[in-house]
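Encoded as structure tokens, the structure appears first; notes follow it.
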Amino acid sequence: MIIEDKVSELEEMLKRLAYIQMNSQMNTDRIINELKEDSRKFREDIKKDLEKTREDMKKSAERLDEKLAKNSEDMKEDTRKLHEELDRFRETMEKDREKMNKKWGDLANKWGTILEDMVIPNIEEVAEKRFSLTDCDDLMIRRTKKNSKCREKSREFDIIAVYGNKILLNETKASPKQDYMNNYIQLIKTCEFFDYFPEYKGYEIIPIFSTLYFPDEALKYLSKNKIYAMGIKKDSMDILNFDDVER
């Protein structure tokens, strides 16, 4: 009797397990089907979103192309106008430069003339004070002369003061620019002066470079090349490097 009861209980448990297993399989299939449906809907939504995104991007690209094309045309027009403005600016600058160069040239010439007018009255005084030269034989101011060896060449000499067999040869400039000094040094070293005045060949040349103000470097440079520097000293013009020039 006990064994039969136990068998009955066991059979009942097996029935229950079978029922639970059957229901579990049904729930699993339902969940899987629901998942499949959700996945299908998700794919469809994604597809729709992608299609909408592609369409939006296409429209945005078209609008961008239109804007770029318009901007390109605007830029071309702006560039053309800019070039026109630059051309007008260059023309204006060129005209202004020509006017300025002329004014500077006129000013430099005027200044050079004023400076020469300051040097001329002092040249004989300097000749006597510094070189013990008196009784000037010939004083030539702004003398232009052709080269005796090459008639196509001519040169202006600011001041030529002749004392016996000695000549004070003065070059006056508004400033002691390096090129100015070098050109004058070259004239002295090559004795080119005598190509213009062969009648003075054999005379001793006393070279003087004149300007209002000499920086220390310019004074040293002229002294090194045995050129006297004449500038403002106190209330008059005088040789500024007399003791530094070795003759």
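For segment 197-217, how many residues meet the condition of being without any contact (Cβ under 8 Å) to a residue 60 or more places away in the chain and either open to solvent by less than 10 Å² (accessible area, probe 1.4 Å) or touching a Leu at 6+ places or on another chain (Cβ under 8 Å) (or both)? Show your work before the answer.
Taking segment 197-217 as the starting set, the residues that turn out to be without any contact (Cβ under 8 Å) to a residue 60 or more places away in the chain are 197-205, 207, 209, 213-217.
With the extra rule that they be either open to solvent by less than 10 Å² (accessible area, probe 1.4 Å) or touching a Leu at 6+ places or on another chain (Cβ under 8 Å) (or both), the set shrinks to 197, 205, 207, 209, 214.
Residues in segment 197-217 being without any contact (Cβ under 8 Å) to a residue 60 or more places away in the chain and either open to solvent by less than 10 Å² (accessible area, probe 1.4 Å) or touching a Leu at 6+ places or on another chain (Cβ under 8 Å) (or both): 5 in total.
Which condition number in (1) on the phi > 0 side of the Ramachandran plot; (2) more than 41 Å from the chain's Cα centre (by Cα) is the one that K226 fails?
For K226, the failing item is (2).
Which residues, counting only those in segment 155-164, are over 27 Å from K233 (Cα atoms) and in contact (Cβ under 8 Å) with a residue 40 or more places away in the chain?
R155
For segment 194-222, which positions are out of contact with any helix residue (DSSP H, G or I) (no Cβ under 6 Å at 6 or more places or on another chain) and among the aromatic types (F, W, Y)?
If the condition is that a residue be out of contact with any helix residue (DSSP H, G or I) (no Cβ under 6 Å at 6 or more places or on another chain) and among the aromatic types (F, W, Y), then F194, Y196, F197, Y200, Y203, Y213, F214, Y221 are the ones that fit.
Residues E125, E98, E44: which one is closer than 30 Å to D158 by Cβ and at pLDDT 75 or above? I'd like the intermediate steps shown before the answer.
Values: E98 fails: at pLDDT 75 or above; E44 fails: closer than 30 Å to D158 by Cβ.
Selected residue: E125, the only one of E125, E98, E44 that is closer than 30 Å to D158 by Cβ and at pLDDT 75 or above.
Run down E73, E152 and say which single residue is more than 23 Å from K226 (Cβ to Cβ), loosely packed, with under 15 Cβ neighbours inside 10 Å, modelled with pLDDT of 75 or more and of a type in the set (D, E, K, R). Full working, then the answer.
Working: E73 fails: modelled with pLDDT of 75 or more.
Just one listed residue meets the conditions, E152.
Of (1) buried (at least 18 other Cβ atoms within 10 Å of the Cβ); (2) free of Cβ contacts under 8 Å to residues at least 24 places away in the same chain, I167 satisfies all except one. Which?
(2)
State whether one or more residues within segment 218-226 are open to solvent by 30 Å² or more (accessible area, probe 1.4 Å), more than 14 Å from M181 (Cβ to Cβ) and among the aliphatic types (A, V, I, L, M).
So far as segment 218-226 goes, no, none of its residues is open to solvent by 30 Å² or more (accessible area, probe 1.4 Å), more than 14 Å from M181 (Cβ to Cβ) and among the aliphatic types (A, V, I, L, M).
Contact list please: Cβ distance under 7 Å, first residue in segment 179-191 and more than 13 Å from R155 (Cβ to Cβ), second residue in a helix (DSSP H, G or I) and open to solvent by less than 100 Å² (accessible area, probe 1.4 Å), pairs at least six apart or on different chains.
Short answer, once both residue conditions are applied: M181/A218; M181/Y221; M181/L222.
Which ranges mark the helices (runs of 4 or more DSSP H) fully within segment 138-247 that have 2 or more residues being charged (D, E, K, R)? So that I can check it myself, show each step before the final result.
Numbers: elements: 178-189, 193-196, 216-224.
Answer list for segment 138-247: 178-189, 216-224.
Restricting attention to segment 125-149, and to residues there that are touching a residue at least 40 places away in the same chain (Cβ under 8 Å) and either of a type in the set (S, T, Y) or closer than 20 Å to K201 by Cβ (or both), which single residue is most open to solvent (accessible area, probe 1.4 Å)? Break it down into steps so the answer makes sense when it comes.
Pass one, segment 125-149, residues touching a residue at least 40 places away in the same chain (Cβ under 8 Å): 125-127, 129-131, 145-149.
Narrowing further to those that are either of a type in the set (S, T, Y) or closer than 20 Å to K201 by Cβ (or both): 145-149.
Working: K145: 48, K146: 107, N147: 5, S148: 61, K149: 163 Å².
Within segment 125-149, the match that is most open to solvent (accessible area, probe 1.4 Å) is K149.
Could you check segment 171-188 and list, in sequence order, the residues that are within 15 Å of K226 (Cβ to Cβ) and either surrounded by 14 or more Cβ atoms within 10 Å (Cβ to Cβ) or modelled with pLDDT under 95 (or both)?
Hits for segment 171-188 are E171, M181, Y184, I185, L187, I188.
The values are calculated or read from the model by the stated rules, or taken from the named source; none is laboratory data. Everything numeric here is computed off the predicted structure, so don't read it as measured data. With ideal geometry, Cβ positions are generated from the backbone for all residues, glycine too; neighbour counts draw on all protein chains shown. Accessible surface is based on the protein model in full, side chains and every heavy atom, while ligands, DNA and RNA are left aside. Shrake-Rupley method; radii C 1.70, N 1.55, O 1.52, S 1.80 Å.
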